[in-house]
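The values are calculated or read from the model by the stated rules, or taken from the named source; none is laboratory data. Quick caveat: nothing in here was measured; it's all calculated off a predicted structure. With ideal geometry, Cβ positions are generated from the backbone for all residues, glycine too; neighbour counts draw on all protein chains shown. Calculation scope for accessible area: heavy atoms of the full protein, side chains included, ligands and nucleic acids excluded. Shrake-Rupley method; radii C 1.70, N 1.55, O 1.52, S 1.80 Å.
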Amino acid sequence: MKRLLYIVIFLIFLIFIGTSVLHATVIEKEKKALLDLYHSTNGPGWTDTWNLEAPVSQWHGIKTHGNRVVEIDLFENNLVGQLPESLGELQYLQSLNLAF
């Protein structure tokens, strides 16, 4: 009986950890860099704008791995303005496409 209790507790722990990983959010400095990009390139005027209330992983053109941004693909999305220096905070960024 005691063994069964340990197994149940362990399974609950695994479910909790798994759920946390699945719903992990991007670290704050990377989210700030993306928000800087949004604001400095007229995000509200983009073809496919971001819902800033949604998790970063659901933003158009953003791919994450774990809690890091690894890809930004905003091709043909009507970005206008200058790129913020804070994009340098995206240390794990592997692909950046802001053409047109």
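Overview of values
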| item | result |
| --- | --- |
| Residues (free of Cβ contacts under 8 Å to residues at least 24 places away in the same chain and open to solvent by 20 Å² or more (accessible area, probe 1.4 Å)) located in segment 29-38 | Leu35 |
| Subset of segment 12-28 that is assigned to a helix (DSSP H, G or I) and open to solvent by 90 Å² or more (accessible area, probe 1.4 Å) - its residue that is modelled with the highest pLDDT | Glu28 |
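Matching residues to (1) surrounded by 13 or more Cβ atoms within 10 Å (Cβ to Cβ); (2) at pLDDT 95 or above; (3) within 20 Å of Glu28 (Cα to Cα); (4) hydrophobic (A, V, I, L, M, F, W, C):
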| site | (1), (2), (3), (4) |
| --- | --- |
| Ser40 | yes, yes, yes, no |
| Pro44 | no, yes, no, no |
| Gly61 | yes, yes, yes, no |
| Asn67 | yes, no, yes, no |
| Phe75 | no, yes, no, yes |
| Leu87 | yes, yes, yes, yes |
| Leu90 | yes, yes, yes, yes |
| Asn97 | yes, yes, no, no |
